[in-house]
1. Please determine whether any residue of region 195-218 is in contact with a helix residue (DSSP H, G or I) (Cβ under 8 Å, 6 or more places away or on another chain), closer than 19 Å to F169 by Cα, part of a helix (DSSP H, G or I) and away from ligand 2 (no atom under 16 Å from the Cβ).
2. Among the numbered criteria (1) touching a residue at least 40 places away in the same chain (Cβ under 8 Å); (2) within 16 Å of ligand 2 (Cβ to nearest atom), which one does S241 miss?
3. Exactly one of (1) surrounded by fewer than 22 Cβ atoms within 10 Å (Cβ to Cβ); (2) in a helix (DSSP H, G or I); (3) among the basic types (K, R) is unmet by R99. Its number?
4. Just one of (1) within 19 Å of G270 (Cβ to Cβ); (2) surrounded by 17 or more Cβ atoms within 10 Å (Cβ to Cβ); (3) away from ligand 1 (no atom under 16 Å from the Cβ); (4) small (G, A, S) trips up A104, so point out which.
5. Scan region 282-299 residue by residue and report those that are out of contact with any helix residue (DSSP H, G or I) (no Cβ under 9 Å at 6 or more places or on another chain) and either within 16 Å of ligand 1 (Cβ to nearest atom) or not hydrophobic (A, V, I, L, M, F, W, C) (or both).
6. Output the residues belonging to region 250-260 that are surrounded by fewer than 21 Cβ atoms within 10 Å (Cβ to Cβ) and either out of contact with any Leu (no Cβ under 9 Å at 6 or more places or on another chain) or in contact (Cβ under 8 Å) with a residue 12 or more places away in the chain (or both).
7. Of all the residues that make up region 132-184, how many are touching a helix residue (DSSP H, G or I) at 6+ places or on another chain (Cβ under 7 Å), within 12 Å of ligand 1 (Cβ to nearest atom) and in contact (Cβ under 8 Å) with a residue 24 or more places away in the chain?
8. Filter region 260-273 down to the residues that are in contact with a Pro (Cβ under 9 Å, 6 or more places away or on another chain) and in a strand (DSSP E or B), then identify the one that is farthest from ligand 1 (Cβ to nearest atom).
Amino acid sequence: MLSARYRPWHVPLFAAKYGWLHARRRPVLVHFEVTMRCNARCDFCDYWRTEESARAGEHAAFADAARRFAPLMITFTGGEPLLRRDLEGIVAAVAGAVRLTYIAVITHGAMLTVDRARALRAAGIDQFNISLDYLDERHDRARGIPGLAARILDLVPRLRAAGVDAVRFNTVIKDDNLDQLVPIVERAAALGAGVSFSAYSASKNGNAAHRPRPAQAQELQAAVDALLAFKRRRRGVIVNSDHYLAAIPRWFRGEDLGPCRSGVRTIHIGPSGMVRRCPDFPDDAHWTAFRPYAPIRCSECFYACRGESQAPLTWSRVRDVMA
Ligand code: SF4
Ligand code: SF4
(Lines give C-alpha, C1' and ligand atoms only; values in the text may rest on other atoms or scores of the structure.)
(Ligands and ions follow the chains in the order given, each with its own letter.)
Protein backbone atom coordinates (compact mmCIF):
# COMPACT_ATOMS: atom_id res chain seq x y z
CA MET A 1 0.00 0.00 0.00
CA LEU A 2 1.90 3.09 -1.17
CA SER A 3 1.25 6.43 0.48
CA ALA A 4 0.93 9.81 -1.18
CA ARG A 5 4.61 10.45 -0.39
CA TYR A 6 5.76 7.63 -2.62
CA ARG A 7 5.34 6.64 -6.26
CA PRO A 8 5.64 3.21 -7.93
CA TRP A 9 9.19 4.02 -9.02
CA HIS A 10 10.16 4.15 -5.34
CA VAL A 11 9.35 0.44 -4.97
CA PRO A 12 12.68 -0.87 -6.33
CA LEU A 13 14.47 1.61 -4.07
CA PHE A 14 12.56 0.27 -1.07
CA ALA A 15 13.43 -3.27 -2.18
CA ALA A 16 17.12 -2.36 -2.45
CA LYS A 17 17.04 -0.74 0.98
CA TYR A 18 15.38 -3.83 2.43
CA GLY A 19 18.15 -5.99 0.97
CA TRP A 20 20.83 -3.67 2.32
CA LEU A 21 19.38 -3.63 5.85
CA HIS A 22 18.84 -7.38 5.76
CA ALA A 23 22.41 -8.09 4.64
CA ARG A 24 23.77 -5.94 7.46
CA ARG A 25 21.44 -7.48 10.06
CA ARG A 26 19.98 -4.08 10.83
CA PRO A 27 16.37 -3.62 11.94
CA VAL A 28 13.93 -3.17 9.09
CA LEU A 29 11.23 -1.83 11.41
CA VAL A 30 11.70 0.46 14.39
CA HIS A 31 8.81 1.09 16.77
CA PHE A 32 8.99 4.43 18.53
CA GLU A 33 6.98 4.14 21.71
CA VAL A 34 6.47 7.84 22.26
CA THR A 35 4.52 7.49 25.50
CA MET A 36 3.58 4.80 27.98
CA ARG A 37 0.36 6.58 28.90
CA CYS A 38 -3.01 5.57 27.55
CA ASN A 39 -6.57 6.68 28.22
CA ALA A 40 -8.16 3.38 27.13
CA ARG A 41 -8.82 0.65 29.71
CA CYS A 42 -7.93 -2.63 28.02
CA ASP A 43 -7.77 -5.46 30.54
CA PHE A 44 -4.98 -7.20 28.60
CA CYS A 45 -2.58 -4.27 28.89
CA ASP A 46 -1.35 -2.23 31.85
CA TYR A 47 -0.16 0.86 30.01
CA TRP A 48 -3.19 2.84 31.15
CA ARG A 49 -2.05 2.31 34.73
CA THR A 50 1.25 4.10 34.00
CA GLU A 51 2.02 6.72 36.62
CA GLU A 52 1.87 10.32 35.51
CA SER A 53 5.49 10.61 36.61
CA ALA A 54 6.42 8.45 33.61
CA ARG A 55 5.93 11.58 31.49
CA ALA A 56 9.20 12.83 32.90
CA GLY A 57 10.89 10.13 30.84
CA GLU A 58 9.38 11.26 27.52
CA HIS A 59 12.41 12.97 26.09
CA ALA A 60 13.93 10.56 23.58
CA ALA A 61 15.63 12.13 20.58
CA PHE A 62 13.60 10.09 18.12
CA ALA A 63 14.92 11.88 15.04
CA ASP A 64 18.51 11.11 16.02
CA ALA A 65 17.56 7.48 16.63
CA ALA A 66 15.78 7.35 13.28
CA ARG A 67 18.88 8.71 11.55
CA ARG A 68 21.05 6.13 13.30
CA PHE A 69 18.93 3.12 12.28
CA ALA A 70 17.45 4.50 9.03
CA PRO A 71 14.92 1.65 8.88
CA LEU A 72 12.53 0.85 6.08
CA MET A 73 9.51 1.30 8.31
CA ILE A 74 8.83 3.29 11.46
CA THR A 75 5.78 3.11 13.66
CA PHE A 76 4.75 5.59 16.31
CA THR A 77 3.12 3.67 19.08
CA GLY A 78 2.52 3.73 22.81
CA GLY A 79 0.57 3.76 25.01
CA GLU A 80 -1.58 6.08 22.98
CA PRO A 81 0.68 8.23 20.80
CA LEU A 82 -1.99 10.83 20.12
CA LEU A 83 -1.84 11.80 23.78
CA ARG A 84 1.37 13.60 22.90
CA ARG A 85 0.48 17.06 21.73
CA ASP A 86 3.93 17.37 20.19
CA LEU A 87 3.47 14.22 18.08
CA GLU A 88 3.33 16.16 14.82
CA GLY A 89 6.69 17.78 15.62
CA ILE A 90 8.25 14.42 16.47
CA VAL A 91 6.91 12.87 13.27
CA ALA A 92 8.15 15.77 11.13
CA ALA A 93 11.62 15.56 12.68
CA VAL A 94 11.79 11.80 12.14
CA ALA A 95 10.44 12.01 8.59
CA GLY A 96 13.04 14.66 7.80
CA ALA A 97 15.83 12.53 9.24
CA VAL A 98 15.39 9.40 7.10
CA ARG A 99 14.73 8.88 3.43
CA LEU A 100 12.79 5.94 2.01
CA THR A 101 10.98 5.19 5.21
CA TYR A 102 7.31 4.31 5.48
CA ILE A 103 5.82 5.79 8.65
CA ALA A 104 2.72 4.59 10.46
CA VAL A 105 0.99 5.57 13.68
CA ILE A 106 -0.89 3.02 15.80
CA THR A 107 -3.81 4.48 17.71
CA HIS A 108 -6.99 3.40 19.46
CA GLY A 109 -8.65 6.13 17.40
CA ALA A 110 -10.67 7.86 20.13
CA MET A 111 -8.79 11.12 19.71
CA LEU A 112 -8.16 10.94 15.98
CA THR A 113 -10.00 13.64 14.06
CA VAL A 114 -9.86 14.67 10.43
CA ASP A 115 -7.87 17.77 11.35
CA ARG A 116 -5.39 15.83 13.48
CA ALA A 117 -5.00 13.21 10.76
CA ARG A 118 -4.34 15.90 8.19
CA ALA A 119 -1.73 17.50 10.43
CA LEU A 120 -0.05 14.16 11.05
CA ARG A 121 -0.18 13.36 7.37
CA ALA A 122 1.46 16.69 6.57
CA ALA A 123 4.13 15.91 9.17
CA GLY A 124 4.97 12.61 7.46
CA ILE A 125 2.60 9.87 8.58
CA ASP A 126 2.01 7.52 5.64
CA GLN A 127 -0.47 5.20 7.31
CA PHE A 128 -2.96 5.25 10.18
CA ASN A 129 -3.40 1.95 12.02
CA ILE A 130 -6.54 2.00 14.15
CA SER A 131 -7.25 -0.80 16.63
CA LEU A 132 -10.61 -2.44 15.91
CA ASP A 133 -11.45 -5.86 17.35
CA TYR A 134 -15.25 -5.78 16.96
CA LEU A 135 -17.69 -3.76 14.87
CA ASP A 136 -20.07 -3.22 17.77
CA GLU A 137 -20.22 -2.21 21.43
CA ARG A 138 -18.01 -5.10 22.42
CA HIS A 139 -15.12 -2.99 21.16
CA ASP A 140 -16.19 -0.08 23.39
CA ARG A 141 -16.37 -2.36 26.42
CA ALA A 142 -13.03 -4.03 25.66
CA ARG A 143 -11.26 -0.66 25.33
CA GLY A 144 -13.26 1.11 28.02
CA ILE A 145 -14.25 3.94 25.66
CA PRO A 146 -18.00 4.38 25.05
CA GLY A 147 -18.99 4.74 21.40
CA LEU A 148 -15.50 3.92 20.12
CA ALA A 149 -16.37 1.41 17.37
CA ALA A 150 -19.08 3.65 15.92
CA ARG A 151 -16.73 6.62 16.09
CA ILE A 152 -14.01 4.80 14.18
CA LEU A 153 -16.41 3.54 11.51
CA ASP A 154 -17.79 7.05 11.09
CA LEU A 155 -14.34 8.59 10.94
CA VAL A 156 -12.77 6.46 8.22
CA PRO A 157 -14.97 7.70 5.33
CA ARG A 158 -14.45 11.27 6.49
CA LEU A 159 -10.71 10.71 6.51
CA ARG A 160 -10.88 9.39 2.97
CA ALA A 161 -13.00 12.34 1.87
CA ALA A 162 -10.28 14.58 3.30
CA GLY A 163 -7.60 12.72 1.32
CA VAL A 164 -6.33 10.58 4.21
CA ASP A 165 -6.84 7.20 2.59
CA ALA A 166 -4.13 4.97 4.05
CA VAL A 167 -6.04 3.44 6.96
CA ARG A 168 -5.68 -0.03 8.39
CA PHE A 169 -7.57 -1.69 11.17
CA ASN A 170 -5.34 -3.57 13.60
CA THR A 171 -7.48 -6.49 14.71
CA VAL A 172 -6.49 -8.88 17.50
CA ILE A 173 -7.88 -12.41 17.12
CA LYS A 174 -9.45 -13.32 20.46
CA ASP A 175 -11.78 -15.91 21.93
CA ASP A 176 -14.91 -13.79 21.48
CA ASN A 177 -14.40 -12.05 18.15
CA LEU A 178 -14.00 -15.01 15.79
CA ASP A 179 -17.40 -14.10 14.37
CA GLN A 180 -16.13 -10.60 13.66
CA LEU A 181 -13.05 -11.31 11.56
CA VAL A 182 -14.67 -11.61 8.13
CA PRO A 183 -17.22 -8.84 8.84
CA ILE A 184 -14.36 -6.52 9.82
CA VAL A 185 -12.56 -7.34 6.58
CA GLU A 186 -15.73 -6.78 4.56
CA ARG A 187 -16.38 -3.47 6.30
CA ALA A 188 -12.75 -2.43 5.74
CA ALA A 189 -13.07 -3.30 2.05
CA ALA A 190 -16.23 -1.21 1.78
CA LEU A 191 -14.46 1.69 3.49
CA GLY A 192 -11.33 1.42 1.36
CA ALA A 193 -9.26 0.42 4.39
CA GLY A 194 -7.00 -2.55 5.11
CA VAL A 195 -6.82 -5.00 8.00
CA SER A 196 -3.81 -6.36 9.85
CA PHE A 197 -4.54 -9.29 12.14
CA SER A 198 -2.57 -10.35 15.20
CA ALA A 199 -3.06 -13.32 17.49
CA TYR A 200 -4.09 -12.49 21.05
CA SER A 201 -1.35 -12.94 23.59
CA ALA A 202 -1.21 -12.75 27.36
CA SER A 203 2.34 -11.40 27.10
CA LYS A 204 1.38 -7.82 27.98
CA ASN A 205 0.12 -8.40 31.51
CA GLY A 206 -0.49 -12.13 31.90
CA ASN A 207 -4.23 -11.99 31.16
CA ALA A 208 -4.93 -15.20 29.25
CA ALA A 209 -8.72 -14.82 29.47
CA HIS A 210 -9.13 -13.76 25.84
CA ARG A 211 -7.07 -16.53 24.33
CA PRO A 212 -9.19 -18.84 22.15
CA ARG A 213 -9.91 -22.02 24.08
CA PRO A 214 -9.02 -25.52 22.82
CA ALA A 215 -12.78 -26.17 22.36
CA GLN A 216 -12.78 -23.32 19.81
CA ALA A 217 -10.11 -24.91 17.63
CA GLN A 218 -12.49 -25.71 14.77
CA GLU A 219 -14.13 -22.31 14.93
CA LEU A 220 -10.72 -20.63 14.89
CA GLN A 221 -9.53 -22.74 11.95
CA ALA A 222 -12.71 -21.94 10.03
CA ALA A 223 -12.26 -18.22 10.68
CA VAL A 224 -8.66 -18.30 9.48
CA ASP A 225 -9.64 -20.36 6.42
CA ALA A 226 -12.28 -17.74 5.63
CA LEU A 227 -9.65 -15.00 5.81
CA LEU A 228 -7.35 -16.93 3.48
CA ALA A 229 -10.28 -17.47 1.08
CA PHE A 230 -11.07 -13.75 1.20
CA LYS A 231 -7.45 -12.99 0.30
CA ARG A 232 -7.70 -15.28 -2.73
CA ARG A 233 -10.86 -13.47 -3.88
CA ARG A 234 -9.63 -9.98 -3.22
CA ARG A 235 -6.12 -8.73 -2.67
CA GLY A 236 -5.13 -5.53 -0.89
CA VAL A 237 -7.50 -5.63 2.08
CA ILE A 238 -5.93 -8.19 4.44
CA VAL A 239 -2.28 -7.25 4.67
CA ASN A 240 -1.03 -10.32 6.54
CA SER A 241 0.84 -12.97 4.63
CA ASP A 242 -0.80 -16.35 4.05
CA HIS A 243 2.10 -17.80 6.00
CA TYR A 244 1.28 -15.79 9.10
CA LEU A 245 -2.48 -16.38 9.00
CA ALA A 246 -2.04 -20.12 8.48
CA ALA A 247 0.32 -20.32 11.46
CA ILE A 248 -2.08 -18.65 13.93
CA PRO A 249 -4.07 -21.82 14.84
CA ARG A 250 -0.79 -23.69 15.18
CA TRP A 251 0.53 -21.09 17.62
CA PHE A 252 -2.67 -21.21 19.68
CA ARG A 253 -2.26 -25.00 19.77
CA GLY A 254 1.16 -24.50 21.31
CA GLU A 255 3.28 -25.68 18.38
CA ASP A 256 6.88 -24.52 18.25
CA LEU A 257 7.11 -22.00 15.40
CA GLY A 258 10.83 -21.46 15.66
CA PRO A 259 12.95 -18.68 17.09
CA CYS A 260 11.60 -15.16 17.38
CA ARG A 261 13.50 -12.54 15.39
CA SER A 262 12.28 -9.57 17.37
CA GLY A 263 15.31 -7.43 18.06
CA VAL A 264 16.83 -8.56 14.76
CA ARG A 265 14.25 -7.41 12.19
CA THR A 266 12.40 -5.10 14.59
CA ILE A 267 13.31 -3.11 17.67
CA HIS A 268 11.39 -1.02 20.16
CA ILE A 269 12.63 2.33 21.40
CA GLY A 270 10.81 3.71 24.43
CA PRO A 271 10.00 7.26 25.52
CA SER A 272 13.37 7.72 27.18
CA GLY A 273 15.36 6.24 24.30
CA MET A 274 15.84 2.79 25.83
CA VAL A 275 15.82 -0.16 23.45
CA ARG A 276 13.85 -3.38 23.94
CA ARG A 277 13.81 -6.33 21.60
CA CYS A 278 10.00 -6.19 21.70
CA PRO A 279 7.35 -4.29 23.65
CA ASP A 280 6.97 -7.07 26.21
CA PHE A 281 10.63 -7.41 27.15
CA PRO A 282 12.55 -5.18 29.57
CA ASP A 283 14.78 -2.29 28.51
CA ASP A 284 18.30 -3.28 27.54
CA ALA A 285 20.32 -0.20 26.69
CA HIS A 286 19.95 3.31 25.36
CA TRP A 287 19.77 3.37 21.56
CA THR A 288 23.16 5.10 21.38
CA ALA A 289 24.67 1.93 22.89
CA PHE A 290 22.61 -0.51 20.79
CA ARG A 291 24.15 -3.86 19.98
CA PRO A 292 22.38 -6.22 17.58
CA TYR A 293 20.25 -8.91 19.19
CA ALA A 294 20.31 -12.57 18.25
CA PRO A 295 17.09 -14.52 17.58
CA ILE A 296 15.55 -15.85 20.78
CA ARG A 297 13.62 -19.01 21.71
CA CYS A 298 10.44 -17.36 22.96
CA SER A 299 6.83 -18.17 22.12
CA GLU A 300 5.10 -15.76 24.47
CA CYS A 301 3.35 -14.00 21.60
CA PHE A 302 2.54 -14.34 17.93
CA TYR A 303 1.84 -10.73 17.07
CA ALA A 304 2.02 -9.92 13.39
CA CYS A 305 5.32 -8.07 13.76
CA ARG A 306 6.83 -11.26 15.17
CA GLY A 307 5.11 -13.74 12.84
CA GLU A 308 5.52 -11.76 9.63
CA SER A 309 9.28 -11.59 10.11
CA GLN A 310 9.24 -15.39 9.75
CA ALA A 311 7.23 -15.33 6.52
CA PRO A 312 9.28 -16.27 3.45
CA LEU A 313 9.66 -13.53 0.85
CA THR A 314 7.54 -15.17 -1.85
CA TRP A 315 5.98 -13.56 -4.91
CA SER A 316 2.55 -13.62 -3.23
CA ARG A 317 4.08 -11.76 -0.26
CA VAL A 318 5.47 -9.10 -2.60
CA ARG A 319 2.03 -8.79 -4.22
CA ASP A 320 0.44 -8.42 -0.77
CA VAL A 321 2.79 -5.56 0.07
CA MET A 322 2.25 -3.88 -3.31
CA ALA A 323 -1.54 -4.24 -3.33
S1 SF4 B 1 -3.74 -2.09 24.39
FE2 SF4 B 1 -3.37 -0.07 23.46
S3 SF4 B 1 -5.31 1.00 23.68
FE4 SF4 B 1 -5.36 -0.70 25.15
S5 SF4 B 1 -4.58 0.18 27.11
FE6 SF4 B 1 -2.84 -0.75 26.02
S7 SF4 B 1 -1.91 0.94 24.86
FE8 SF4 B 1 -4.00 1.56 25.45
S1 SF4 C 1 7.80 -14.11 21.05
FE2 SF4 C 1 9.25 -12.49 20.47
S3 SF4 C 1 8.00 -10.62 20.26
FE4 SF4 C 1 6.80 -12.12 21.46
S5 SF4 C 1 7.23 -11.72 23.65
FE6 SF4 C 1 8.70 -13.30 22.95
S7 SF4 C 1 10.53 -12.14 22.30
FE8 SF4 C 1 8.81 -10.67 22.39
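1. No, region 195-218 contains no residue that is in contact with a helix residue (DSSP H, G or I) (Cβ under 8 Å, 6 or more places away or on another chain), closer than 19 Å to F169 by Cα, part of a helix (DSSP H, G or I) and away from ligand 2 (no atom under 16 Å from the Cβ).
2. It fails just one condition, (2).
3. In the conditions (1) surrounded by fewer than 22 Cβ atoms within 10 Å (Cβ to Cβ); (2) in a helix (DSSP H, G or I); (3) among the basic types (K, R), R99 misses (2) alone.
4. If we test A104 against (1) within 19 Å of G270 (Cβ to Cβ); (2) surrounded by 17 or more Cβ atoms within 10 Å (Cβ to Cβ); (3) away from ligand 1 (no atom under 16 Å from the Cβ); (4) small (G, A, S), just (3) comes out false.
5. Of everything in region 282-299, those that are out of contact with any helix residue (DSSP H, G or I) (no Cβ under 9 Å at 6 or more places or on another chain) and either within 16 Å of ligand 1 (Cβ to nearest atom) or not hydrophobic (A, V, I, L, M, F, W, C) (or both) turn out to be P282, D283, D284, H286, R291, P292, Y293, P295, R297.
6. W251, R253, G254, E255, D256, L257, G258, P259
7. So the count comes out to 3.
8. This residue is C260.
The values are calculated or read from the model by the stated rules, or taken from the named source; none is laboratory data. Treat the numbers as computed from the prediction; the structure is a model and nothing was measured. Using ideal geometry, Cβ is built from the backbone for each residue, glycine included, and neighbour counts are taken over all protein chains shown.
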